[in-house]
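Below is one structure, written out as structure tokens, with a few remarks after it.
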Amino acid sequence: MKEQHQDDQILIDKFGQTGDQVWLLRLFQKYEHLIYGICLKYSQDPDWSKDLKAQIYEKLVGKAKNLKTDNFKYWLFSICKNHCIDALRSKGRKVATLEKYKKYQIDHEELVYFSHEQRLIIEEDRQSTESALENAANNLPFLQRQCIDLFYNQRLSYVEISQEVGIDHKQIKSHLQNGKRNMRRFIYNHYNLLD
């Protein structure tokens with residue numbers, strides 16, 4: 001697994017040094033099936049998923065120039081997930097709830113198209129990501145954990161969270177930002193998944 005991350009970083013470095021998109025395209029094609037699966041999971045529309053995949057490549061070109069990461073696949077997943085959620089929100093579509101899709105879990109129907117080794121990697125990544133997120137959330141101060149849960153898991157607005165918790169919008173925003181930052185630090189320090 002470590003060798004895979006090193007190979008990914010070599011391609012990123014070559015892209016950063018030369019600016020030649022052939023290096024980035026190789027890396028993108030390596031994970032293209034996973035990117036499409038994530039897009040399809042969120043959009044529920046095969047054609048729109050292809051468009052989202054192309055938009056993610058464009059975003060990747062802009063972000064990968066100086067990227068240093070120990071786990072490119074995890075970083076790419078975050079980019080894909082966030083782009084899909086943003087696209088759904090901008091289109092006014094309902095964002096899939098975490099209860100329904102349990103983060104980025106790919107259904108068995110989609111896994112049929114992947115090799116046995118790819119299915120094992122997907123399952124291992126899903127489990128380690130869920131475990132890391134759960135442990136990171138459990139180590140947050142109470143208000144940060146509560147705001148993160150209400151906003152991301154229960155999809156409540158700032159107004160609804162304010163009514164539920166009894167604090168103002170600025171404090172909610174602060175707890176969300178601090179909670180995300182603390183979760184990133186926890187995951188980096190304990191799982192070495194982020195940089």
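Checked against the criteria, Glu117 counts as in a helix (DSSP H, G or I), at pLDDT below 80 and over 16 Å from the mean Cα position of the chain (by Cα). Of all the residues in the stretch 33-77, those that are surrounded by fewer than 14 Cβ atoms within 10 Å (Cβ to Cβ) and either of a type in the set (Asp, Glu) or out of contact with any helix residue (DSSP H, G or I) (no Cβ under 8 Å at 6 or more places or on another chain) (or both) number 7. Every condition in (1) part of a helix (DSSP H, G or I); (2) touching an Asp or Glu at 6+ places or on another chain (Cβ under 7 Å) holds for Ile12 except the one numbered (2). Of everything listed in (1) in a helix (DSSP H, G or I); (2) free of Cβ contacts under 8 Å to residues at least 12 places away in the same chain; (3) crowded, with 16+ Cβ neighbours inside 10 Å, the single unmet condition for Leu156 is (1). Within the stretch 10-20, restricting attention to residues that are over 23 Å from the mean Cα position of the chain (by Cα) and under 20 Å from Asn71 (Cα atoms), the residue that is surrounded by the fewest Cβ atoms within 10 Å (Cβ to Cβ) is Gln17.
The values are calculated or read from the model by the stated rules, or taken from the named source; none is laboratory data. Owing to the predicted nature of the structure, the values given are computational and were not obtained by experimental measurement. Here the Cβ is made from the backbone with ideal geometry for all residues, glycine too, and neighbour counts use every protein chain on show.
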